[in-house]
Amino acid sequence: MKTKKIFHLVTSAVLLTCAVLSQGAQQSIDQRQIEWFRVSTLKDVREVYPKVGLEIVEKDVAEPNFTAKIGPLTQKDLQKHLEQILQKSGIRITNKFNATSANAPLSLNVTVFAKVRDDTPMPAYAVFVYTEALQPTVLGRNNAIRSFSRTWPMVPTGNGTRTLLFLTPETMVKEITEEVTNQVKNFIKDYSAANPNLGINVKSTQNLIAQKKPDHMISGTVIYVPIEGGFWGLRTEDGTKYDPVNLPEEYRNDGLRVYFQVKELENVAGIHMWGKIVEILKIEKQ
């Protein structure tokens, strides 16, 4: 029952802070703690223990269950993807971890928390993805007491590392994999800034996130968002969401890969509270 309440509280908090997070995600997530403590908690970290966890709340079930699979998404495949991202960047990873050791490596945890939606005619999930790093810490007033706590990000909202998605089984693997890539990219960026002498390749994830075409068209996916009665959106692989007012009928196909150009409509109010409201100037299938 306690976990269920936490899920609802966290979900509400994410919805309320989406606008704030989208504005702050361009800044270093680590910057707040550097301002507070004059140092990053990622400094001098030499090994990272990557870990993916999947949790799901099925219909008519109150408590979440740890699982090896959510829909078509498997923990094994997502774990492999996380390790590949870190290895490509040059960050040293390890599969050995002992939380009781003072020399335990930093644990980079990616958690996918999914709830089966029972208010949609088609199978759908509300999925909460978040990334955090944990390290051994000692109690300030008694250094004999050691704990294991979150050290990145230090900001209360987990700026740029938490996202709520509404997915179907057809889009789940791709959407979550892309979101994990985007969140871990933030970690790599801060890790590199804290350890400039290690030669970490911040740009290593660019081949994992679709970039703009040479003609300035954006690469993305058409998705059906099953909220507010349901509507169609566009989502790029770096996590940017667009709420188009004029998506052609022939492109309303969930999971369709497209290239597009848009113009943001700054003075237009939307009811969906999802993404940037835009007019599509040009769109074509990939």
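One residue stands out among those in the stretch 76-123 that are out of contact with any strand residue (DSSP E or B) (no Cβ under 7 Å at 6 or more places or on another chain) and of a type in the set (Asp, Glu): the one that is nearest to LYS189 (Cα to Cα), which is ASP77. What residue, among those in the stretch 225-245 that are of a type outside the set (S, T, N, Q) and touching a Lys or Arg at 6+ places or on another chain (Cβ under 8 Å), is farthest from VAL258 (Cα to Cα)? Residue satisfying both the conditions and the ranking: PRO226. When the stretch 37-93 is filtered for residues that are in a loop (DSSP other than H, G, I, E, B), small (Gly, Ala, Ser) and surrounded by 14 or more Cβ atoms within 10 Å (Cβ to Cβ), the ones remaining, listed by number, are SER40, GLY71, GLY90.
If I ask for residues that are in a loop (DSSP other than H, G, I, E, B) and without any contact (Cβ under 8 Å) to a residue 40 or more places away in the chain, which ones from the stretch 216-229 would you list? Passing the criteria: only GLY229. Are there any pairs, at least 6 apart or on different chains, whose C-beta atoms fall under 7 Å, with the first in the stretch 90-108 and free of Cβ contacts under 8 Å to residues at least 60 places away in the same chain and the second small (Gly, Ala, Ser) and in a loop (DSSP other than H, G, I, E, B), and if so, which? If the second residue must be small (Gly, Ala, Ser) and in a loop (DSSP other than H, G, I, E, B), the pairs left are PHE97/ALA104; ASN98/ALA104.
Note on the stretch 249-273: residues that are in contact with a strand residue (DSSP E or B) (Cβ under 7 Å, 6 or more places away or on another chain), touching a residue at least 24 places away in the same chain (Cβ under 8 Å) and surrounded by fewer than 19 Cβ atoms within 10 Å (Cβ to Cβ) total 11. Within the stretch 170-187, does at least one residue satisfy the condition of being of a type outside the set (Val, Ile, Thr), at pLDDT below 85 and touching a Ser or Thr at 6+ places or on another chain (Cβ under 9 Å)? Yes, that holds for at least one residue. Just so you know, in the stretch 99-132 the residues that are over 16 Å from the mean Cα position of the chain (by Cα) and of a type in the set (D, E, K, R) include one that is surrounded by the most Cβ atoms within 10 Å (Cβ to Cβ), and it is LYS115.
Residue under question is ALA114, and the condition is that it be in a loop (DSSP other than H, G, I, E, B) and either assigned by TED's automatic domain parsing to the domain that holds ARG146 or of a type outside the set (Asp, Glu) (or both); does it hold? So ALA114 fails the test. Put simply, of ALA25, ALA19 the only residue that is at pLDDT below 75 and closer than 18 Å to ILE188 by Cα is ALA25. Looking across the stretch 173-193, the residues that are crowded, with 20+ Cβ neighbours inside 10 Å and among the hydrophobic types (A, V, I, L, M, F, W, C) come down to ILE176, VAL180, VAL184, PHE187, ILE188. Taking the stretch 196-211 as the range and being at pLDDT 65 or above and in contact with a strand residue (DSSP E or B) (Cβ under 6 Å, 6 or more places away or on another chain) as the test, no residue passes. Does LEU78 fit the bill of being at pLDDT 90 or above, within 16 Å of the chain's Cα centre (by Cα) and closer than 20 Å to PHE113 by Cβ? So LEU78 passes the test.
The values are calculated or read from the model by the stated rules, or taken from the named source; none is laboratory data. Keep in mind it's a predicted model, so treat the numbers as computed, not measured. Positions of Cβ are backbone-derived with ideal geometry, glycine not excepted, and every protein chain shown enters the neighbour counts.
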